[in-house]
Amino acid sequence: MLLKGKVISDKIIAGILEKNLPKMTLAVFHPANDSVAGSYLKTKEKWLKKINSEIRVYPVSESMSESRFFEQLESANNDPDVTGIMVELPLPIKTDTEALHTKISPFKDVDGVTYLNQGAFFSSGNETLVPCTSLAAIRMLEHYDIPVSGKNVVVIGRSYIVGLPLFKLFLNRNATPTVTHRKTTNLPELLAKADIVAISAGTRGIVTSSQVKDGATVLDIGIHVLDDGSVAGDMILDRENEAERINYTPVPGGVGVVTNAVMLENLVKCYEMQK
Ligand SMILES: NC(=O)c1ccc[n+]([C@@H]2O[C@H](COP(=O)([O-])OP(=O)(O)OC[C@H]3O[C@@H](n4cnc5c(N)ncnc54)[C@H](OP(=O)(O)O)[C@@H]3O)[C@@H](O)[C@H]2O)c1
């Protein structure tokens, strides 16, 4: 089965609209003069409009000092008109990661990256503010009624923003997750046994569909723009009619669509926490 994301994002947005919330503002610290980041910004703006909210852009250029960047971050933290904050990485300036993850207000932490929110998440079952993409992948399983408890899961990638939180979300749901990375030596064996595979490597072709067993589910999180301008995920389909043999999320139209809706959901959580 093809696990499409739009039906889930539509449901999330309808749920937000039902709450009749006032206009919210998402502050985005954005790498200036970066065309790829520019397209992400337009996408965010489009999604915020769906819930009658808006984006406030804080451009970060190469010439900006780190102290000026943190001053602006602090002003967004203290601005009552700013509901949530996102920092689009990589920025064109060097920023201390620890400082970044401690200086964003935990009440405005839409990406769930601050030490407080990550600490709550990793030290308990608290899932108040969890990184959007990892939560979006879980939402897809929930929506399509794909069982997780007791299942063998392979998470490819261990970034603090996708792979690692996904590992914890699976553990919270009583799956048996294995996290793999560049030093993993037995990925093909793990793939052959996995009930669920979540691919967040950013390496096109790290998995080919024939490597996963019949009936398995693949959550493809990677995003690639190919030479012909089309968009594709990390998995390459190397057999015909794979949607009849396995479940997988298409790229585009899969996890990415749900990620944008979860971003809005996290913004609403920030609003409610500040109240
Ligand atoms: N769908 C969405 O909404 C969404 C949102 C965010 C990100 N993404 C996409 O998801 C992908 C991952 O994002 P990220 O921020 O987590 O990336 P990242 O920080 O670069 O982490 C990638 C992880 O994958 C592992 N990896 C990469 N290539 C590998 C290989 N050939 N063999 C084994 N492991 C490999 C790396 O292992 P090491 O730790 O050993 O280096 C690392 O842990 C990217 O394509 C990104 O564009 C999608």
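What the table shows:
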item: Flag if ARG139 is at pLDDT 95 or above, surrounded by fewer than 18 Cβ atoms within 10 Å (Cβ to Cβ) and more than 29 Å from GLU66 (Cα to Cα); result: no
item: Single residue of GLY125, GLY205 found to be at pLDDT 95 or above and not in a helix (DSSP H, G or I); result: GLY205
item: Pair list, Cβ < 8 Å and 6+ apart or interchain, from region 15-41 residues that are basic (Lys, Arg) to residues that are surrounded by 11 or more Cβ atoms within 10 Å (Cβ to Cβ) and assigned to a loop (DSSP other than H, G, I, E, B); result: LYS23/ASN52; LYS23/SER53
item: Residue match in region 216-223 (condition: over 30 Å from PRO106 (Cβ atoms) and within 10 Å of the ligand (Cβ to nearest atom)); result: yes
item: Enumerated strands (runs of 3 or more DSSP E) restricted to region 4-98, each holding at least 1 residues that are touching an Asp or Glu at 6+ places or on another chain (Cβ under 6 Å) and within 24 Å of VAL225 (Cα to Cα); result: 25-31, 84-87
item: Residue under evaluation SER209, criteria (1) within 20 Å of THR259 (Cβ to Cβ); (2) more than 15 Å from the ligand (Cβ to nearest atom), criterion not met; result: (1)
item: Cβ pairs under 6 Å, 6+ apart, first in region 215-235 and at pLDDT 95 or above, second acidic (Asp, Glu) and outside any loop (DSSP other than H, G, I, E, B); result: GLY233/ASP220; ASP234/ASP220; MET235/ASP220
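For (1) surrounded by 15 or more Cβ atoms within 10 Å (Cβ to Cβ); (2) not assigned by TED's automatic domain parsing to the domain that holds SER39, each residue gets a yes or a no:
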position	(1), (2)
ILE85	yes, no
VAL110	yes, yes
ALA120	yes, yes
SER123	no, yes
ASN126	no, yes
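The values are calculated or read from the model by the stated rules, or taken from the named source; none is laboratory data. Everything numeric in this text was worked out from a predicted model, so none of it was measured. Virtual Cβ from ideal backbone geometry, glycine too; neighbours counted across all protein chains shown.
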